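This report refers to the structure that appears directly beneath it.
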Amino acid sequence: MQTNSPSLDFKSQILQGIPKVLPIKRERSSAVSHAPKRKDILSLEEKKLAIRNALRYFPKDWHLELSQEFAQELHDFGRIYMYRFKPEYGIYARPIDEYPAQTPQAAAIMLMIQNNLDPAVAQHPEELITYGGNGAVFQNWAQYLLTMHYLATMTEEQTLHIYSGHPMGLFPSSKEAPRIVVTNGMMVPNYSKPDDWEKYNALGVTQYGQMTAGSYMYIGPQGIVHGTAITVMNAFRKVLKKNESPKGKIFLTAGLGGMSGAQPKAGNIVGCITICAEVNRAAAQKRHAQGWVDELIDDMDQLVVRAQKAIAENEVVSLAFIGNIVDVWERFDMEDIFIHIGSDQTSLHNPWSGGYYPVGISFEASNEMMATNPNTFKTEVQKSLRRQVSAINKHAAKGTYFFDYGNAFLLEASRAGADVMAENQIDFRYPSYVQDILGPLCFDYGFGPFRWVCTSGNPKDLQKTDAIALTVMKQILTEAPMEIQQQLQDNITWIQEAGQNKLVVGSQARILYADAEGRSKIAEAFNKAIKSGEISAPIVLGRDHHDVSGTDSPFRETSNIYDGSKFTADMAIHNVIGDSFRGATWVSIHNGGGVGWGEVVNGGFGMVLDGSKDASRRLKNMLFYDVNNGISRRSWARNKEALFAIKREMERTPELRVTLPNLVNNKLLNNIFD
């Protein structure tokens, strides 16, 4: 017997977990974007193993029918997603009281999971991928069903352990323990190459959680809008005269996908001309329909004319070019169109599976080639990267400020043989945005992407949190040292304008950059407002893994670490362990992130505020460590901004004692080796 069980309501379907009766087979929806077909990398025996692994979620009398179906999925898509088991109910962030749960912490996590899979938020929702082409919440729909069931039934003295999307089970713990511990892609080091992900993900034993996809903390493109706005704003400050406006000046970049789609919106907030190339017409049209990009252009001649007009008239406008970024760089060089700021946010952490598309080959033909002729596709991608870098170098010679936006652009370009190396043949000729901007201006001082979600789903609660955060930030600014006043003012301006910028997609969420003081004071003010009833439901606190302390990434978050330790991952591991016993509601640690499988280890947390004294104690303890762990590591690397920040914190907090470096005179070393 097969059924879709229409009689079961939402709560009953959640509580059911794996259905008792085999659902009717379902086809993929044509209304959403789907992940590209993955590489056919498994041997015949490994394909049998992949199917065997998938079938273990289901009773034996279903195996004959499902084995054939899963074999077909593996053949057609390179993965087993179990489309048949996707729930019929809508997946989005419901108000917290609509979830069946024994604890508000578990209900809040369910809300966050569903937000990550909301079709309005997720890049490939039916493949359970939130962003980045491969940033997965789960590997398949059975894992989703089981996880939601466990969350609905767990108590405050149990912890759910998630192995790369697979819910291993509920284990006895305590109220002080996290409700969930999540790992994603944690491989033995020698098995952490890109093809290892392809193989073991196809087998159904690991997944790429990106940063906030597999940790249930993605809040739609708002997070990257804020980070991009801060980055581009400070990039223009580096190249413009004091008080000179970015109006009429070009920021050229690429990508309008899950994360990169925020770039034109951020450019409008900064007040420049943003030109963003995107090969996927559907992705560009989606951003235009959402109001995140002003104009769509698919003709190069038209783009040239429109860009020249925007420059001449000092416009603030965002233009999406439906085409390849390489063509734009080359044509703008020929037309002598000056680019003030240049970058790239294609998913080059995933270059061979849809993260970057080669010039001169259509989007459709590229998708076919990457599945059927991956070696040729790789050759074309690397050829394209060499052309792109060649064009960028010509613009840089004219004065363009180009920076790597943490997407592994320079790393993959170097591997392709592009001319991106500095004279010493060790460093890249262009900086990472963390080296030049976010590292010294934000991370070293403890400022990073603090975020919160109003679980009521009520926009009025979000407005109240904005007002509370604004009051707290303004108060901190009155007593802040000169070194961090600009950072505070930028984020005060951000919060003041957040509502009118219409940044919410999915959950009622907000982000701003704050240090440990700001995060703790804002969180405490939220907790009091929940207790008093001013805010109507619990709030989930979190952050991007892309932060002061959570991520060890030598080509991005820790690229401004110069003591030789940027290839170590101790900080991220200490961060997730330290947060777990200091009060986090859930913690996560991942291999992968935005720069590539095997290139980064990153961790995150979630914390539920419910207005209680317990929540107040937890937030103060955990948020303090979550930030100062990273500042300590950065100060030990001799970063002067971090040394300033940690010394200031030790003066304010006598219980904090951090090992400080003794600085060495360079002349001493030079004399030894001369």
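The values are calculated or read from the model by the stated rules, or taken from the named source; none is laboratory data. The structure presented is a predicted model; accordingly, all values stated were derived computationally and were not measured. Glycine also receives a Cβ, built like all others from the backbone with ideal geometry; neighbour counts cover every protein chain displayed. What goes into the accessible areas is simple: the full protein's heavy atoms, side chains included, and nothing from ligands, DNA or RNA. Shrake-Rupley method; radii C 1.70, N 1.55, O 1.52, S 1.80 Å.
Quick one: 3J(HN,Hα) in Hz for the range 131-139, Karplus 6.51/-1.76/1.60 with θ = phi - 60°, rounded, Gly and Pro as x.
3J(HN,Hα) across the range 131-139, in whole Hz: 6, x, x, 8, x, 9, 7, 9, 7.
Report the gain in length on full extension from ASP466 to GLN425: 0.36 nm times residue separation, minus Cα-Cα distance, nm rounded to one decimal.
Between ASP466 and GLN425, full extension yields an extra 10.0 nm.
Please list log₁₀ I(q)/I(0) at q = 0.17, 0.27, 0.30, 0.31 Å⁻¹ for the range 467-526, using the Debye equation with identical point scatterers on the alpha-carbon positions.
Evaluating at q = 0.17, 0.27, 0.30, 0.31 Å⁻¹ gives log10 I(q)/I(0) of -0.56, -1.22, -1.38, -1.43.
Quote the charge dipole size of the range 122-202 about the Cα centre in Debye, to the nearest 20; the model charges only the Cβ of Lys and Arg (+1) and of Asp and Glu (-1).
Around 100 debye, computed over the range 122-202.
Which aspartates and glutamates have a Cα less than 12 Å from the Cα of LYS249, not counting those fewer than 8 places away in the same chain?
Here the aspartates and glutamates satisfying the reach criterion relative to LYS249 are GLU313, GLU315.
Over all Cα pairs of the range 249-397, how is the pair count split among 10 Å bins, expressed in % and running from 0 up to the last occupied bin?
Whole-percent P(r) values from 0 Å outward: 12, 43, 35, 9, 1.
Taking N as the number of residues in the range 1-106, what value does Rg over Cα atoms divided by 2.2 N^0.38 Å take? Walk me through the numbers on the way to the answer.
Working: Rg = 16.2 Å, N = 106, 2.2 N^0.38 = 12.9 Å.
Cα-based Rg divided by the globular estimate yields 1.25.
In a Debye calculation with equal point scatterers on the alpha-carbon sites of the range 66-115 and no solvent, what is log10 I(q)/I(0) at q = 0.16 Å⁻¹?
For the requested q values the scattering log ratios are -0.61.
How far, in nm, would the chain grow between TYR191 and ASP97 when pulled straight, counting 0.36 nm per residue and subtracting the alpha carbon separation?
Working: separation 94, 0.36 × 94 = 33.84 nm, distance 4.28 nm.
The span from TYR191 to ASP97 would gain 29.6 nm if fully extended.
Beyond a 25 Å Cα-Cα separation, which of these cross-linked pairs lie in this structure: LYS474/LYS647; LYS37/LYS383; LYS48/LYS86; LYS241/LYS502; LYS37/LYS566; LYS531/LYS620?
Among LYS474/LYS647; LYS37/LYS383; LYS48/LYS86; LYS241/LYS502; LYS37/LYS566; LYS531/LYS620, the Cα-Cα distance tops 25 Å for LYS241/LYS502; LYS37/LYS566.
Lysines near LYS175 by alpha-carbon distance under 16 Å, same-chain residues fewer than 8 away left out - which ones?
Output for LYS175: LYS613.
Given a 1.4 Å probe and every protein chain left where it sits, what share in percent of the accessible area of the range 62-126 is carbon and sulfur? Present the calculation step by step, with values, prior to reporting the outcome.
Details: 1060 of 2080 Å².
Solvent-exposed carbon and sulfur of the range 62-126 make up 51 percent of the total.
Once the Cβ-Cβ distance between LYS528 and ASP563 is put in as r, and R0 is 35 Å, what FRET efficiency do you end up with, to the nearest 0.05?
Step by step, r from the Cβ atoms, then E = 0.25.
Which chymotrypsin sites (Phe, Trp or Tyr not before Pro) in the range 560-610 pass both tests, a DSSP loop state and at most 12 other beta-carbon atoms within 10 Å? Mind dumping the intermediate values first?
On the way: sites: TYR562, PHE567, PHE581, TRP586, TRP597, PHE605; in loops: TYR562, PHE567, PHE581, TRP597.
Those satisfying the criteria are TYR562, PHE567.
Tell me which residues come under 5 Å, amide H to amide H, from VAL359 once H is placed; ignore anything under 5 positions away on its chain.
Correct list: SER384.
Can you give me the convex hull volume of the Cα atoms of the range 507-611, divided per residue and expressed in Å³?
About 110 Å³ per residue, rounded to a whole number.
Compute from the Cα atoms of the range 240-300 the Rg and the Dmax, the latter being the longest Cα-Cα distance, and quote both in angstrom.
Radius of gyration, then largest Cα-Cα span, for the range 240-300: 12.1, 40 Å.
Placing +1 at every Lys and Arg Cβ and -1 at every Asp and Glu Cβ, with all other atoms neutral, what dipole size does the range 27-96 have around its Cα centre, in debye to the nearest 20?
260 debye
Pull up the cross-link candidates among the lysines for LYS667, meaning alpha carbon to alpha carbon under 24 Å and not fewer than 8 places away within one chain.
LYS640
Alpha carbon centre of the range 533-585 versus the range 423-479: separation in Å?
13 Å
What is the ratio of the Cα radius of gyration of the range 83-226 to 2.2 N^0.38 Å, where N is its residue count, to two decimals?
My calculation over the Cα atoms of the range 83-226 gives 1.03.
Just from the alpha-carbon atoms, what are the Rg and Dmax of the range 316-356 in angstroms?
Over the range 316-356's Cα set, Rg and Dmax evaluate to 12.3, 35 Å.
For the range 404-511, what D do you get in µm² per second when you plug the Kirkwood radius from alpha-carbon pairs into Stokes-Einstein at 37 °C and 0.692 mPa s?
196 µm²/s
Stokes-Einstein D for the range 330-467 at 37 °C, 0.692 mPa s, Kirkwood Rh over Cα pairs, in µm²/s?
In µm²/s, the coefficient rounds to 186.
Cut-off 19 Å, label point 7 angstrom out along Cα-to-Cβ of HIS34: give me the residues of the range 369-383 whose amide nitrogen falls inside.
Answer for the range 369-383: 369-373.
What are the extents of the Cα atoms of the range 157-220 along their three principal axes, listed from largest to smallest and rounded to whole Å?
So the extents along the principal axes, rounded to whole Å, are 40, 29, 18.
If you line up the Cα atoms of the range 270-341 on their principal axes, what length do they span on each, largest first, in Å?
So the extents along the principal axes, rounded to whole Å, are 31, 25, 20.
Take the eigenvalues of the Cα gyration tensor for the chain, scale each by 5, and report the square roots as semi-axes in whole Å, largest first.
36, 32, 25
In Å, what is the Rg of the alpha-carbon atoms in the range 502-565, and how long is Dmax?
16.0, 50
Taking the full set of protein chains and a 1.4 angstrom probe, give the accessible area of LEU663 in square angstrom, rounded to the nearest 10.
Rounded to the nearest 10, that gives 120 Å².
At 1.4 Å probe size, with every protein chain present, just tell me what the per residue accessible area of the range 6-82 comes to in Å².
Here the per-residue accessible area is 58 Å².
Considering every pair of different Cα atoms, what Kirkwood radius, in Å, is found for the range 211-324? Walk me through the numbers before you get to the answer.
Details: mean 1/r = 0.0699 Å⁻¹.
Result for the range 211-324, one decimal place: 14.3 Å.
Take the alpha-carbon positions of the range 332-397, form their convex hull, and give its projected area averaged over all directions (one quarter of the hull surface) in nm².
For the Cα atoms of the range 332-397, the hull's average projected area reads 4.9 nm².
Could you calculate the contour length gain from GLN285 to LEU660, that is, 0.36 nm times the residue separation minus the distance between their Cα atoms, to one decimal place in nm?
129.8 nm
222 nm [θ] for the chain, helices only, -39500 (n - 2.57) per DSSP H run of 4+, per residue, to 500?
About -13000 deg cm²/dmol.
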